[in-house]
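The values are calculated or read from the model by the stated rules, or taken from the named source; none is laboratory data. Just so you know, these numbers come straight off a predicted model, no measurement behind them. Neighbour counts run over all protein chains shown; Cβ positions are idealised from the backbone, glycine included. Note: areas computed on protein heavy atoms with side chains; ligands, DNA, RNA excluded. Shrake-Rupley method; radii C 1.70, N 1.55, O 1.52, S 1.80 Å.
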Amino acid sequence: MSAGRTTGRRGAEAPGVDVGGGPVVRPYGDATGDGMVQVSFTLPVPHDKRAEGAALQLAAKMGLEPAMLVHARQMGDGFTFFVVYGRVNHLVDLAAVRVVERDYPLLSAKEVNALVRRRLRRKLSVVGACIGTDAHTVGIDAILNVKGIAGEKGLEYYRELRVTNLGAQVSVPDLVAAARAERADAVLVSQVVTQRDAHLHNTREMSAAFREAMPAGRRPLLVVGGPRFDELMAGELGVDRIFGRGTTPGEVASYLVHRLVAGAPVARADRERSTGRATVEVDG
Amino acid sequence: MSPVSGSGGKLALDPVLVARARELARRAGQPVVELARGHTTVSVERAVLRLAGVSGADPDGIPWVNRLVDAVVAEVGLTHGVAAPVFDALARELGAPVPAGADVGVALTLLAQKAAAGSVRFEVPAGRAARSARAAARRAVGVGLRRIDRRRAERDRLVRRHGDPAQRPWIYLIVATGDIYEDIPQAQAAARAGADVIAVIRSTGQSLLDYVPEGATREGFAGTYATQENFRLMRAALDDSSKELGRYVRLTNYASGLCMPEMAVLAGLERLDMMLNDSMYGILFRDINPVRTFVDQRFSRQVHARAGIVINTGEDNYLTTADAVDEAHTVTVSQLLNEYFAHEAGLPDAQLGLGHAFEIDPDLPESFRLELAHALLARELFPDAPLKWMPPTRHMTGDVFRGNLLDGFFNLVGTMTGQGILLVGMMTEAVVTPWLSDRDIALQNVRYVLGAAGGLHEDFVPAPGGFIQRRATTVLGEAVTLLERIVDGGLLPAIADGTFGITRRPADRGRGLDGVAVHADDYYNPATELLEAGS
């Protein structure tokens, strides 16, 4: 750490240089624009001079120039672990970054409950499960259980949400049946195991089953979450929304209300300007 | 093991309260033992047939034990046990008394094949036919049990020859590639790098298969299928490693899920050394029917007792779904119940790897002292059990640097409180299945802590009346209160109400219930008879 240190360059460049379309940044070691990164990797060779040369060659090909080999340690007979520090010559164009930004307002539990009560005039039904062979309920439990995560209560805590948590290793047909029985407005699926892209296969199977079982206007909102999902893949997987690592119950609740309730006709005289769509429906 | 000095030990626990906790666990567990004694399951019956020598699978991979049990159940039901109907049918098929020795297994497997084709009739024998069927079944199962006895003696011999690990805790490392032929070199490399115990994680979902897959397997999801052949291959490889390293390297697998009793038998036959075997894990985390679990559980523990296998219980799991501070006492309660069930099934303390874990939120003030208090409480409550200490998973965030520090503190608690088995934590927990380098860094972490502070438990005596002693007493008190509630309402209703790990599991629900039957008056199980006779 060199928090107190300043350089002449910092003032001129921070936080990034503008090149054409938008700001461009480099990795930050201890000075703006120094481009310093740290990587570690293993090569399947015993530790000797040649191995260290090989590590530096890889670093150079990764764009680390100059690279500094700071640590090498042999593991077992034929492997060596390396830590390399170096300057990368790559630039990051922030204008070209594509991510899913939150496109709905973040609401408190109280606001969520009030909106559901006023506009939906019944409880909003949410069915959650881990599907396939995935037995890791930690994700769905964090979102649904009253306990919640990081001090934020789960959806069971929301008075106006009716939550059915089916738990682990639920088959897709069982999930569809439960969604039907509970008249689910939204189905939340969590997938942690990602071996051989199981999370992608399972999600596609799930969305296809819902498409087959229910007409477009009657399908629940399909939401999947898990640490290894790409949030941009919702369309490709046939679901309405993907939530990645670090999602909180409040974000999920806010999203559900935004999509399912916010645009519903206002029941009482205190009609507000509606911003969403008027019916419960699902894309594609 | 850390010796407990004085009457209250390092924590000055009230001996009256400790005795009360044990007595309550006994009272909570006893009705469940009675329930287990009066029921059987398809998996218990299949385990009996495996002991009698039935092996192999049909072309679809369904084991012959499943075919045979299904055929018997279809004709006479499960309630009499399958041993008498099967050996009665075998005598009729052979047209002669059933021979003794290894040929019985061959004859039984042939019978299973015929039964699967529908060409064998089963009935419940009575009178003289029943007596001779039972005697033949007892002889055949006795052969299987003696094979397990020989494997146990072989382990004792190898431990004497190669020696136990030099240090406690034993270092326990997980291997999980899905391919047994990939697992083997990884396990051997891990042993060379210092692992004393290798656990081969099972393929996700195997616990819900109602049969044991056959043969060497190369495909699995997040783990490798547990099969008899995979057990054999890995044990043979680790025997080579033991010889090379001059210390006996132990092998662990899982006796859990719907095939728990069969897994125990296969582990005994292939000289596995430890098996994960929790009394309630399957109920809470796999939604397996509670009655099915307790019946399977008791039989599997009797087999483990006979085979000299150390069981590892799964209390760590509670803390992955419930708060590790608020619910710390549920771990203690589960340990006490696991101890009661294990003792009842014949397991001595030396075979009780009771579990607990380092899962308190590191952002909580004094989290390390709380961990010390909880770990020491387990140590002092079960002074003669090789406790299994499990690493942080819940608060591993993907920040591998912080994770490595957290694992270091986990290792420190392990050595300061004299734990018996230390599951090596990976800083890449929740990120990837461990890489070669992750494992190497994790082992360096363990070796540093054990090397630098291996004897610290001698000096570590919490201040009288201080934070750690007070916390341990609080947790024990909460455990006693919860046990009182369980004794009042019954263990099965407590499980149904979500007392453990938040999950609610009613006794009339869950997987595998259709494979449970009440004993008829003439129920006969030669394995239980021989295991309980202890001969």
Determine which single condition residue A:169 fails, assuming it passes every other condition in (1) within 14 Å of chain B (Cβ to nearest Cβ); (2) in contact (Cβ under 8 Å) with a residue 60 or more places away in the chain. (2)
Check whether at least one residue in segment B:236-257 is within 26 Å of residue B:289 (Cβ to Cβ), touching a Ser or Thr at 6+ places or on another chain (Cβ under 6 Å) and not polar (S, T, N, Q), and report yes or no. yes
Does at least one position in segment B:379-399 carry a residue that is under 22 Å from the mean Cα position of the chain (by Cα) and among the polar types (S, T, N, Q)? yes
Looking at B:178, B:142, B:127, which one is within 30 Å of the chain's Cα centre (by Cα) and at pLDDT 95 or above? B:142
Taking segment B:8-43 and keeping residues closer than 27 Å to residue B:141 by Cβ and either open to solvent by 20 Å² or more (accessible area, probe 1.4 Å) or of a type outside the set (Gly, Ala, Ser) (or both) leaves B:32, B:33, B:34, B:35, B:37, B:38, B:39, B:40, B:41, B:42
Working only within segment A:200-238, note down all residues that are closer than 26 Å to residue A:254 by Cβ and part of a loop (DSSP other than H, G, I, E, B). A:214, A:219, A:220, A:226, A:227, A:228, A:229, A:230, A:238
Given the conditions (1) in contact with a strand residue (DSSP E or B) (Cβ under 8 Å, 6 or more places away or on another chain); (2) open to solvent by less than 20 Å² (accessible area, probe 1.4 Å); (3) assigned to a loop (DSSP other than H, G, I, E, B), and given that residue B:524 satisfies all but one, which numbered condition is not satisfied? (1)
Would you pick out the residues in segment B:205-226 that are surrounded by 24 or more Cβ atoms within 10 Å (Cβ to Cβ) and β-branched (Val, Ile, Thr)? B:212, B:224
Exactly one of (1) over 27 Å from the mean Cα position of the chain (by Cα); (2) surrounded by 13 or more Cβ atoms within 10 Å (Cβ to Cβ) is unmet by residue A:139. Its number? (1)
Filter segment A:177-198 for residues that are free of Cβ contacts under 8 Å to residues at least 60 places away in the same chain and either polar (S, T, N, Q) or part of a helix (DSSP H, G or I) (or both) and give the result. A:177, A:178, A:179, A:180, A:181, A:194, A:195, A:196, A:197
Complete set of residues in segment A:162-200 that are small (Gly, Ala, Ser) and surrounded by 17 or more Cβ atoms within 10 Å (Cβ to Cβ): A:167, A:168, A:178, A:179, A:184, A:186, A:190, A:198
Which residue is surrounded by the fewest Cβ atoms within 10 Å (Cβ to Cβ), if the candidates are limited to segment A:55-82 and must be within 14 Å of chain B (Cβ to nearest Cβ) and not in a strand (DSSP E or B)? A:77
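Picking from B:343, B:329, B:374, which residue would you name as being within 20 Å of the chain's Cα centre (by Cα), more than 14 Å from every other protein chain (Cβ to nearest Cβ) and open to solvent by 10 Å² or more (accessible area, probe 1.4 Å)? Even if it seems obvious, please write down each step before you answer.
Working: B:329 fails: within 20 Å of the chain's Cα centre (by Cα); B:374 fails: within 20 Å of the chain's Cα centre (by Cα).
Step by step, each of B:343, B:329, B:374 is checked, and only B:343 is within 20 Å of the chain's Cα centre (by Cα), more than 14 Å from every other protein chain (Cβ to nearest Cβ) and open to solvent by 10 Å² or more (accessible area, probe 1.4 Å).
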Condition broken by residue A:105, with the remaining ones in (1) over 30 Å from residue A:67 (Cα atoms); (2) assigned to a helix (DSSP H, G or I) satisfied: (2)
All conditions in (1) crowded, with 19+ Cβ neighbours inside 10 Å; (2) farther than 12 Å from residue B:330 by Cα are true of residue B:486 except (2)
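Counting just the residues of segment B:358-369 that are surrounded by fewer than 21 Cβ atoms within 10 Å (Cβ to Cβ) and either away from chain A (no Cβ under 14 Å) or in contact with a Phe, Trp or Tyr (Cβ under 9 Å, 6 or more places away or on another chain) (or both), which one comes out farthest from residue B:473 (Cα to Cα)? Talk me through it step by step, then tell me what you get.
First, the residues of segment B:358-369 that are surrounded by fewer than 21 Cβ atoms within 10 Å (Cβ to Cβ): B:361-369.
Next, only the ones that are either away from chain A (no Cβ under 14 Å) or in contact with a Phe, Trp or Tyr (Cβ under 9 Å, 6 or more places away or on another chain) (or both) stay: B:362, B:365-369.
Values: B:362: 22, B:365: 19, B:366: 17, B:367: 17, B:368: 17, B:369: 14 Å.
If we take residues in segment B:358-369 being surrounded by fewer than 21 Cβ atoms within 10 Å (Cβ to Cβ) and either away from chain A (no Cβ under 14 Å) or in contact with a Phe, Trp or Tyr (Cβ under 9 Å, 6 or more places away or on another chain) (or both), then B:362 is farthest from residue B:473 (Cα to Cα).
Can you go through B:355, B:308 and tell me which one is more than 14 Å from chain A (Cβ to nearest Cβ) and in contact with a strand residue (DSSP E or B) (Cβ under 9 Å, 6 or more places away or on another chain)?
Numbers: B:308 fails: in contact with a strand residue (DSSP E or B) (Cβ under 9 Å, 6 or more places away or on another chain).
It is B:355.
Against the condition out of contact with any Ser or Thr (no Cβ under 6 Å at 6 or more places or on another chain) and of a type outside the set (Lys, Arg), how does residue B:515 come out, does it pass? Let's see the steps before the verdict.
Values: out of contact with any Ser or Thr (no Cβ under 6 Å at 6 or more places or on another chain): no; of a type outside the set (Lys, Arg): yes.
Against the criterion (out of contact with any Ser or Thr (no Cβ under 6 Å at 6 or more places or on another chain) and of a type outside the set (Lys, Arg)), residue B:515 does not qualify.
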Looking at segment B:489-498, can you tell me whether even one residue there is assigned to a loop (DSSP other than H, G, I, E, B) and surrounded by 19 or more Cβ atoms within 10 Å (Cβ to Cβ)? no
Report, by residue number, each residue of segment B:393-409 that is surrounded by 24 or more Cβ atoms within 10 Å (Cβ to Cβ) and touching a helix residue (DSSP H, G or I) at 6+ places or on another chain (Cβ under 8 Å). B:407
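Can you name every residue in segment B:443-456 that is open to solvent by less than 50 Å² (accessible area, probe 1.4 Å) and in contact (Cβ under 8 Å) with a residue 40 or more places away in the chain?
Of the residues in segment B:443-456, the ones open to solvent by less than 50 Å² (accessible area, probe 1.4 Å) are B:443, B:445-446, B:449-450, B:453-455.
Answer for segment B:443-456, where residues must be open to solvent by less than 50 Å² (accessible area, probe 1.4 Å) and in contact (Cβ under 8 Å) with a residue 40 or more places away in the chain: B:443, B:445, B:446, B:449, B:450, B:453, B:454.
So, in segment B:279-294, how many residues would count as being open to solvent by 10 Å² or more (accessible area, probe 1.4 Å) and more than 14 Å from chain A (Cβ to nearest Cβ)? Step through it out loud before you land on a result.
Just the residues of segment B:279-294 that are open to solvent by 10 Å² or more (accessible area, probe 1.4 Å), to begin with: B:281, B:285-287, B:291.
With the extra rule that they be more than 14 Å from chain A (Cβ to nearest Cβ), the set shrinks to B:291.
Number of matching residues: 1.
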Here's a check for you: in segment B:159-204, which residue that is away from chain A (no Cβ under 14 Å) and open to solvent by 40 Å² or more (accessible area, probe 1.4 Å) is farthest from residue B:413 (Cα to Cα)? B:181
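Can you tell me which residue is nearest to the other protein chains (Cβ to nearest Cβ) among those in segment A:32-47 that are farther than 16 Å from residue A:68 by Cα, open to solvent by less than 50 Å² (accessible area, probe 1.4 Å) and in a loop (DSSP other than H, G, I, E, B)?
Of segment A:32-47, the ones farther than 16 Å from residue A:68 by Cα are A:32-33, A:43-47.
Now narrow it down to the ones that are open to solvent by less than 50 Å² (accessible area, probe 1.4 Å): A:32-33, A:43, A:45.
This time we only want the ones that are in a loop (DSSP other than H, G, I, E, B), so: A:32-33, A:45.
On the way: A:32: 23, A:33: 24, A:45: 13 Å.
So, considering only residues that are farther than 16 Å from residue A:68 by Cα, open to solvent by less than 50 Å² (accessible area, probe 1.4 Å) and in a loop (DSSP other than H, G, I, E, B), the one nearest to the other protein chains (Cβ to nearest Cβ) is A:45.
On the basis of being modelled with pLDDT under 80 and within 20 Å of residue A:149 (Cβ to Cβ), does residue A:224 make the cut? Steps first, please.
Working: modelled with pLDDT under 80: no; within 20 Å of residue A:149 (Cβ to Cβ): yes.
Answer is no for this residue.
Does residue B:446 qualify as being more than 14 Å from chain A (Cβ to nearest Cβ), closer than 17 Å to residue B:187 by Cα and hydrophobic (A, V, I, L, M, F, W, C)? Step through it out loud before you land on a result.
Details: more than 14 Å from chain A (Cβ to nearest Cβ): yes; closer than 17 Å to residue B:187 by Cα: no; hydrophobic (A, V, I, L, M, F, W, C): yes.
So residue B:446 fails the test.
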